[in-house]
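No value in this document is a laboratory result; all are computed from the given coordinates. Only a predicted model underlies this, so the values are computations on that prediction, with no experimental measurement involved. Cβ placement follows ideal geometry from the backbone for every residue including glycine, while neighbour counts extend to all protein chains displayed.
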Amino acid sequence: MREKTQQLKEFIVVLVLCLSASGCVEEAAGPRPDPGPLVVEDPPRAVYGAEATPRASLDAQDGEPSPPLPQEGGDSGDPGLIYAAALGGYYILRIQLPDGNFGYRYDAEAGTWADDDSLARQCGSTYTLSYLYEVTGREEFRVAAQWSHARIAQRMDRPLSLGSPVALWALGLTLHARATGRSDWGDGFDVDTEIDRLGAELLAIQREDGGFEREGFHAGSQFIQALWSVYTHTGDPRYLDALERGARYFYDTGLHERDLLFALWNNEPMAGLYALRPAPWILDLVWMVTDPVVEAQILPHHDVPALWVGGFILYGQPTPGALSMYGVEASIDAFRLARMVGDVERAERYRAAALLGVRFLKSLQLREGDTDSFPEPDLTIGGVPYGFDRPILRVDITRHIVNSFIKVVTYLDLEDYPARDRFLPRSTPSGGVLEAPFGPAPP
């Protein structure tokens with residue numbers, strides 16, 4: 001077993017002590033004398049190449065390949081972030097079901113699956129496989145994503161409800177179309193027609209005041225990001241207009257102040273919007289939603305177990321866990337905007353938060369040796385549980401953390417990987433090139 005096992009034991013002891021004493025965690029997280037601005041160095045440059053394992057085989061003895069794809073090779077112990085992202089992707093491939101969906105929630109200690117499911121989170125996992133295909137060029141991620149898209153098309157009710165699946169499927173389809181460079185996938189599925197239909201539904205659920213028929217910061221910010229992705233795919237300015245109205249609605253009403261999830265979904269499209277239509281309120285909105293998230297991060301000078309450093313204390317939880325992924329993604333997207341506008345202090349602060357955060361998230365990921373005591377030790381390698389003390393794996397937890405790893409690498413140009421040239425100038429997964437001088441987003 002790796003050193004993490006002993007760290008986990010120490011973590012659990014501290015957790016029990018903290019939970020048994022009111023306010024212990026708040027006191028533990030209280031800072032020592034502030035050492036000044038946080039400086040976090042880039043990790044050693046890693047390389048992700050064709051020889052990296054695992055791999056999934058598309059060869060089928062009888063007929064066409066079908067999910068789940070057989071895999072060969074294991075965790076090599078590579079410390080790279082793209083390697084960690086790919087390892088998470090291979091976990092998602094491992095839990096893909098014969099119908100194209102993914103196993104939703106798994107108790108690694110008990111070896112049992114829950115009965116619940118979420119179409120929105122199925123859509124999100126498909127998006128992540130397309131992102132991995134774009135970065136690595138590995139066909140298994142493309143093929144698995146298209147199986148999932150086909151299943152989502154079967155499950156998506158018409159007329160659509162006002163929930164997240166509309167937004168998340170639009171994000172997944174536009175990303176996959178860009179990653180493959182094709183809208184015709186050769187299976188009779190008309191991607192452009194489906195994206196146009198989803199885009200029209202996004203426009204239809206927006207009110208005249210800029211808000212959406214489904215109230216709330218979470219769904220609203222997902223709609224905003226989906227509008228940006230559909231805009232970058234189609235070049236239709238109606239989607240950019242709707243995005244701007246929606247973001248301005250949340251800015252004027254203050255609804256964004258209620259939840260960090262707004263920062264998770266909002267910051268990436270706001271960078272795109274600012275690149276095309278710069279306005280002071282956009283910066284104000286992003287700083288307003290990001291700064292409280294960054295302030296919730298546990299730093300090296302805090303008096304807490306070393307295993308917690310880099311995690312975020314969110315939603316009033318007593319200890320950091322997988323939800324720290326929200327803090328990482330919000331921080332790295334805000335970094336992009338800060339760098340664009342020359343806000344050096346914020347750019348460095350957000351960069352440091354993202355780098356420290358991915359260190360923490362990497363320590364959560366299950367690697368070779370961490371799963372030996374589980375009933376299915378090979379199944380869960382690469383997956384990410386809720387926390388050190390909660391070995392429950394939900395597919396969207398792993399997929400969000402994979403996104404975080406990829407964003408940090410591609411935005412900061414930290415590693416070498418097959419598609420590195422494609423990401424220079426560095427683009428966001430929902431489209432658009434945001435480096436100065438600002439030009440129109442590609443259609």
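Key figures for this structure:
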read-out: Residue (of Gly137, Pro79, Leu119) at the positive-pole extreme of the stretch 53-166, dipole from beta-carbon charges; value: Leu119
read-out: Ratio of the Cα radius of gyration of the stretch 161-288 to 2.2 N^0.38 Å, where N counts its residues; value: 1.03
read-out: Residue order, fewest to most beta carbons within 10 Å, for Thr253, Thr128, Thr136, Thr193; value: Thr193, Thr253, Thr136, Thr128
read-out: Neighbour-limited loop hits for trypsin sites (Lys or Arg not before Pro), the stretch 205-291 (at most 15 other Cβ within 10 Å; DSSP other than H, G, I, E, B); value: Arg207
read-out: Mean projected area (nm²) of the alpha-carbon convex hull when the stretch 254-395 is viewed from all directions; value: 9.7 nm²
read-out: Residues Phe335, Phe374 arranged by fewest to most Cβ contacts within 10 Å; value: Phe374, Phe335
read-out: Longest to shortest principal axis, alpha-carbon extents of the stretch 67-189, angstrom; value: 46, 38, 23
read-out: Sorted by Cβ neighbour density within 10 Å, fewest at the top, the residues Tyr386, Tyr131, Tyr239; value: Tyr386, Tyr239, Tyr131
